[in-house]
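The values are calculated or read from the model by the stated rules, or taken from the named source; none is laboratory data. Keep in mind the model is a prediction, meaning the values are calculated, not measured. Cβ sites come from the backbone with ideal geometry, for glycine too, and all protein chains shown count toward neighbours. Note: accessible area is taken over every heavy atom of the protein model, side chains too, but ligands, DNA and RNA are not part of it. Shrake-Rupley method; radii C 1.70, N 1.55, O 1.52, S 1.80 Å.
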Amino acid sequence: MKGEIKMAEKVDARGLSCPQPVINAHKKMREMESGTFEVLVDTTTSRDNVTRMATREGWNVEVRDEGEDILLVLRK
Amino acid sequence: MESIVRFFGSKKGILCVGLFIGVFAALLQKWGNPPNMGICVACFERDIAGALGLHRADVVQYIRPEIIGFVLGSLISALIFREFKPRVGSAPIVRFMLGFFAMVGALVFLGCPWRALLRLSGGDGNAILGLVGLVAGVALGVYFLKSGYNLGRNQKTYRFVGWIMPLIMIGLLILLVAEPKLSSGAIFFSEKGPGAMHAPLIISLIIGLVIGILAQRSRFCTMGAIRDVILIKDFHLMTGVFGLLIGAFVMNIILGQFHAGFVGQPVAHNNHIWNFGGMLLAGLAFALAGGCPGRQLFLSGEGDGDSALFVIGMIAGAAFAHNFVAASSPKGVGLWGPGAVIVGLIFCIVIGFSMREKI
């Protein structure tokens, strides 16, 4: 419903090897164009690759450690 | 620690890693490794397959310390930087077969992407055909990635599982040092040919370890470099590839190892079609498996059991390629090389089409 506060959409890229997390995050960026969404990854390589791609595409990336996983919050 | 992480994550960092690999590959050649083969992941794994008696091509048998160093260096780096994460279970049999056919393709060309670059930096024009094939193969892989190709998720596993590949490498190191003389003839070392040419063990091992550490930190990957340019126009990894090429080229000039031409190049043939075709297959297999042979070794050192299986698939592929006359030699393409490449291409294309999520 309009005006309702929604949970940020999440891309679960845990367990996916390179370059799948980047592809999935990139697809979400294209769908949303702007806004906020989260990408959950489980390796620092995926964290770095998604962050590098997102930053280049003009998105702001906030990195949060979530136990053994890493949550990336992407905003534009 | 933080500044080291930041440096190796930067373009400058990966450029330095590429330069280091290029310079020391040329030096390893000077110190005894075969011509234009200072480092070749495919050739060196093939030599290991031969040393273990899995194939009997007596000119290419040696336990290459560089390969051992790559895995153990990556392990050390992953442990120090808390990136050792044992994981398995993402389409293991597919990864084994991709490794198998990647090796078949590489041995028809006579080199992995690293050696293709080293051959070019040493003046071997035939490498251009191989590199064009590599780019075409990776581009085909990108097509599949864009249409939803995906090998599926891996799973976290027990810590010991991540140690299996490093332990195999320690086992190989013991065999290399002890060189057991068993009545069954367990270990074979070439007395002539490329397999007999090697830099001193300790030098090769140390350089391998350092490259393993640097590449684990920087995620150096030749296939990834080409893929990222095509897929997302990202030149980060490509900076490292340029570094390797430039470092090796400059060092080859300094050492007098640069000889331009197509004919009579060391450990190479000039069949243009199958130089292209071999690397087309290899490039496609690397792209579908998510990493070049070097990167698969570094990932296996981080605890990635699927990459370890790709490596073992490559070693099995090397044994097959030599036993079934599919590997090339300086005399030309092996009798069954073209056939094996075609079978490999069909396999990879079927995998590319059949393992797709709807997008």
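Just to be sure I understand the interface: list residues from region B:138-181 that lose 20 Å² or more of accessible area between the chain on its own and the complete protein assembly, 1.4 Å probe.
Residues shielded by partner chains are B:LEU145, B:ASN150, B:ARG153, B:ASN154, B:LYS156.
Along the principal axes of its C-alpha atoms, what lengths does region A:10-75 span, in descending order and rounded to whole Å?
Principal extents (largest minus smallest coordinate, Cα): 29, 21, 18 Å.
By its C-alpha gyration tensor, with a ≥ b ≥ c as the square roots of the eigenvalues, how is region B:209-359 shaped: rounded for a/c under 1.5, else prolate for a/b larger than b/c, else oblate? Working shown, then result.
Details: a/c = 1.56, a/b = 1.03, b/c = 1.52.
Oblate, because a/c is 1.5 or more while a/b does not exceed b/c.
Given the Cα-Cα distance of B:GLN155 and B:LYS30 and 0.36 nm per residue of separation, how much length would full extension add, in nm? It would help to have the intermediate numbers written out before the result.
On the way: separation 125, 0.36 × 125 = 45.00 nm, distance 4.33 nm.
Gain on extension, B:GLN155 to B:LYS30, equals 40.7 nm.
Roughly what would the spin-label model give for B:SER3 and B:LYS331, points 7 Å off Cα along C-beta, in nm?
Label-label distance for B:SER3 and B:LYS331, simple model: 5.8 nm.
Would you please give the FRET efficiency between A:ASP12 and A:ARG56, computed as 1/(1 + (r/R0)^6) with r the Cβ-Cβ distance and R0 = 22 Å, to the nearest 0.05?
With R0 = 22 Å, the Cβ-Cβ based efficiency is 0.45.
Over 26 Å apart: what share of the alpha carbon pairs of chain B falls there, rounded to a whole percent?
On the way: 28378 of 64261 pairs.
Taking all Cα-Cα pairs of chain B, the fraction more than 26 Å apart is 44 percent.
Please label the shape of the protein assembly as shown as rounded, prolate or oblate, based on the square roots a ≥ b ≥ c of the eigenvalues of the alpha-carbon gyration tensor (a/c under 1.5 means rounded; beyond that, a/b larger than b/c means prolate, else oblate).
Values: a/c = 1.71, a/b = 1.61, b/c = 1.06.
Prolate shape, in that a/c is at least 1.5 and a/b is the bigger ratio.
At 0.36 nm per residue, and after removing the present C-alpha to C-alpha distance, how many nm does the segment from B:LYS192 to B:ASP58 gain when stretched out fully? Mind dumping the intermediate values first?
Details: separation 134, 0.36 × 134 = 48.24 nm, distance 0.79 nm.
Answer, rounded to one decimal: 47.5 nm.
Which far-off residues, 5 or more places away or on another chain, put their amide H under 5 Å from the one on B:SER329, with H placed in the peptide plane?
Long-range HN contacts for B:SER329: B:GLY334.
B:LEU175 versus B:HIS272, label points 7 Å from Cα toward the beta carbon: distance in nm?
According to this spin-label approximation, the distance is 4.1 nm.
Can you compute 3J(HN,Hα) from phi for each residue in region A:41-49, using the Karplus curve 6.51 cos²θ - 1.76 cosθ + 1.60 with θ = phi - 60°, rounded to whole Hz and x for Gly and Pro?
Computed from phi, the couplings for region A:41-49 are 10, 10, 9, 5, 5, 4, 4, 5, 5 Hz.
GNM on chain B, C-alpha springs below 10 Å: top fluctuator among B:LYS233, B:LYS11, B:LYS30?
B:LYS233
Sorted by packing (mean other beta-carbon atoms within 10 Å per residue), highest first, where do B:334-344, B:317-327 land? Mind showing how you got there, number by number?
Numbers: B:334-344: 19.1, B:317-327: 22.9.
Ranking, from highest mean packing down: B:317-327, B:334-344.
Find the accessible area per residue for the protein assembly as shown; the probe is 1.4 Å, ligands and nucleic acids are left out, and the unit is Å². Display every interim value, and only then the final one.
Details: 17590 Å² over 435 residues.
Roughly 40 Å² per residue, with all protein chains present.
Work out the mean other chain Cβ neighbour count within 10 Å for the residues of A:11-18 and drop it here as an integer.
Working: counts 0, 1, 1, 4, 8, 7, 16, 9.
Counting other chains' Cβ atoms within 10 Å and averaging over A:11-18 gives 6.
On a C-alpha basis, how far is the centre of region B:205-243 from the centre of region B:292-359 in Å? Whole number, if you could?
20
Going by amide H atoms built from the backbone, whose H comes under 5 Å of the H on B:GLY152, apart from near neighbours?
none
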